[in-house]
1. What residues have an amide H closer than 5 Å to that of VAL48, excluding those fewer than 5 places away on the same chain, when H is modeled at 1.01 Å from N in the peptide plane?
2. If I take R0 = 45 Å and measure r between the Cβ atoms of THR40 and TYR239 in this structure, what FRET efficiency does the formula 1/(1 + (r/R0)^6) give, to the nearest 0.05?
3. Students sometimes get this wrong: rank THR137, THR216 by accessible area, probe 1.4 Å, all chains present, largest first.
4. Residue by residue, what Karplus-based ³J(HN,Hα) values in Hz, rounded to whole numbers, does region 137-149 have, using 6.51, -1.76 and 1.60 with θ = phi - 60° and x for Gly and Pro?
5. How much length is gained if the chain between VAL141 and LYS200 is pulled fully straight, taking 0.36 nm per residue apart and subtracting their Cα-Cα distance, in nm to one decimal?
6. Dipole of region 67-150 (Lys/Arg Cβ +1, Asp/Glu Cβ -1, origin at the Cα centre): which of GLY88, LEU132, GLY114 lies farthest to the positive side?
7. Here are several values of mean projected area of the Cα convex hull in nm²: (1) 13.6; (2) 17.9; (3) 12.0. Which one was derived from the coordinates shown?
8. Just subtract the alpha-carbon distance of ASN51 and LYS24 from 0.36 nm times their residue separation and send over the number in nm, one decimal.
Amino acid sequence: MIYVIGIGPGSKELMTMQCIEAIKDSEVIVGYKTYINLITDLIEDKEVVQNGMRQEIDRCKEAVEIAKTGKKVAVISSGDAGIYGMAGLILELTSKEEKNIDVKVIPGVTASIGAAAILGAPIMHDFCHISLSDLLTPWDVIEKRLRLAAEADFVICLYNPRSKGRSEHLAKAFEIMGEFKAGSTPVGIVKDVGREKEEKFVCTFDTMDFERVDMTTMVVIGNKSTFIHDDLMITPRGYTV
């Protein structure tokens, strides 16, 4: 049995009861060490398998092999396991096994939802998620998605917006979206959603400070109807042309 668990942004308060129960029911916990460190109080009596960043395939393969022995395994993702998480990879691997392995995906609070609550109500109307990481998606495809989403005036939630290795991607993204997004468009920046060092900033498209952003930051760009009130972003339920 494999539980693929989204533990939310990081705080226990934002974990679902289903997530906590699945962790308790598991015998082995598999995950990226940073995420494992967020749930240490829940796994003191568990066998733990952890490794570093960009080793997702190895983690999932090991989880499958452990599950074959009959143990209950929890594969941990931050946020939601099905949104840039481990659910797809686990299901891909188990679909190739001759013997069926039970897999249960446990949903969690993804970063955009956590950030939206902190920012007010920025995703009350149609919105989309776009990751700026080009590790698995070619940059030209990301550029096309940014352009079309901005042209369609979606509220846009940017995952993996800026890292040391690709610090220029966020500025490029804003340059692309700038063809369709007005300078007065509200932008929300939330760092470390649900964690001890959580920070919130609200600005506009043309006053965006890229230096505030890193890999643990969620950037939310409003649509034409989004407005700022009392340092909160609000997107009306109805769309105004």
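1. Excluding prolines and chain starts, which carry no amide H, the hits are ILE29.
2. Efficiency computed from Cβ-Cβ geometry: 0.50.
3. THR216, THR137
4. These are the phi-based 3J(HN,Hα) values: 10, x, 4, 5, 5, 4, 4, 4, 5, 4, 4, 6, 5 Hz.
5. 18.3 nm
6. Checked the options; the winner is GLY88.
7. From the options (1) 13.6; (2) 17.9; (3) 12.0, the structure gives (1).
8. Length gained between ASN51 and LYS24: 7.6 nm.
The values are calculated or read from the model by the stated rules, or taken from the named source; none is laboratory data. From a predicted model like this one, the values you see are computed outputs, not experimental measurements. Every residue, glycine among them, receives a Cβ derived from its backbone with ideal geometry; neighbour counts consider all protein chains shown. Side chains are part of the model used for accessible areas, which takes the heavy atoms of the whole protein and leaves out ligands, DNA and RNA. Shrake-Rupley method; radii C 1.70, N 1.55, O 1.52, S 1.80 Å.
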